[in-house]
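K.L.:
The structure's right below; bear with me while I get my questions together.
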Amino acid sequence: MKAAIYARCSLPTQHISTQLLPLRELAAKQGLDIVAEYEDRGISGTKARRPGLDALMADARRHRFSVVVVAAFDRIARSVKHFLAVLDELDSLGIQFISQRESIDTSGPMGRLFVTLIGSIAELEGALIRERIRQGMARRRLEGFKLGRQPLNVDHAAIARDRLSGLSLTATAKKYGVSRASVVRFVRETRQQSAPVGQLNFDPAVAAECVA
């Protein structure tokens with residue numbers, strides 16, 4: 001069977017050969033034909049996008065190999081979510097996953113059981129997190145706190161005055177630490193409040209603010 005090896009070290013001073021040599025021996029013992037080796041040197045496992053891992057997954061989608069061999073789970077990813085995403089995609093592509101340290105081979109019944117269990121644990125973890133968030137929001141409501149986005153604590157009238165006096169849209173937004181869209185909205189509100197009763201809401205000058 002055609003196999004690929006993936007190795008990663010967090011520090012550029014670390015020797016990646018300490019992972020590669022044992023993995024080559026493992027592949028030889030299992031009768032695997034190594035067709036590619038992918039490396040990421042000096043890159044943390046917390047980063048989901050890595051040149052070596054990206055190349056590995058790209059070749060996996062091209063079905064260049066049918067087995068991926070790593071030294072340990074944490075070489076692929078530090079987070080359960082990312083690890084499961086990689087493992088799930090490899091599984092969907094029909095590619096086996098072998099981890100030397102954890103002695104996991106997803107081609108066997110124990111390996112399949114492991115994939116099922118870790119997926120269930122991740123699902124449970126997500127459900128518990130969502131439940132804690134809901135409980136926290138309910139508690140905050142009972143304590144009288146308002147949830148959601150709070151209104152901007154800025155002087156709307158001052159923003160409108162500066163903008164109408166000729167200050168640019170970008171400069172006004174930067175001065176008060178608000179978005180350009182907020183400046184447009186405040187100017188529109190100010191003009192509508194000062195407009196005579198019965199005047200149409202549409203104002204070409206206000207519309208121009210949106211593209212200024």
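K.L.:
Among the numbered conditions (1) on the phi > 0 side of the Ramachandran plot; (2) modelled with pLDDT of 95 or more, tell me where Ala55 comes up short.
P.N.:
(1)
K.L.:
Scan the stretch 37-51 for residues that are touching a residue at least 24 places away in the same chain (Cβ under 8 Å) and loosely packed, with under 15 Cβ neighbours inside 10 Å and jot them down.
P.N.:
Passing the criteria: Gly42, Ser44, Thr46, Ala48.
K.L.:
Would you be able to tell me the number of residues in the stretch 177-199 that are polar (S, T, N, Q), buried (at least 17 other Cβ atoms within 10 Å of the Cβ) and modelled with pLDDT of 85 or more?
P.N.:
1
K.L.:
Would you please list the contacts, defined by Cβ atoms under 8 Å and residues six or more apart or on different chains, that run from a residue in the stretch 92-117 that is of a type in the set (Lys, Arg) to a residue that is in a helix (DSSP H, G or I)?
P.N.:
What qualifies is Arg101/Phe73.
K.L.:
Follow-up question, since we're still on this one. Being out of contact with any helix residue (DSSP H, G or I) (no Cβ under 9 Å at 6 or more places or on another chain) and of a type in the set (Ser, Thr, Tyr) is the filter; apply it to the stretch 1-36 and report the residue that is surrounded by the most Cβ atoms within 10 Å (Cβ to Cβ).
P.N.:
Per the stated criteria, the residue is Ser10.
K.L.:
Of everything in the stretch 20-31, what is of a type in the set (A, V, I, L, M, F, W, C) and under 13 Å from Val70 (Cβ atoms)? Give them in sequence order.
P.N.:
First, the residues of the stretch 20-31 that are of a type in the set (A, V, I, L, M, F, W, C): 20-21, 23, 26-28.
Leu20, Leu23, Leu26, Ala27, listed by residue number.
K.L.:
Residues that are aliphatic (A, V, I, L, M) and touching a strand residue (DSSP E or B) at 6+ places or on another chain (Cβ under 7 Å): find the helices (runs of 4 or more DSSP H) completely inside the stretch 51-146 holding 3 or more of those.
P.N.:
Once the helices (runs of 4 or more DSSP H) in the stretch 51-146 are filtered for at least 3 residues that are aliphatic (A, V, I, L, M) and touching a strand residue (DSSP E or B) at 6+ places or on another chain (Cβ under 7 Å), what remains is 51-61.
The values are calculated or read from the model by the stated rules, or taken from the named source; none is laboratory data. Only a predicted model underlies this, so the values are computations on that prediction, with no experimental measurement involved. Because the Cβ atoms are built from the backbone with ideal geometry, glycine has one as well, and the counts that use them run over all protein chains shown.
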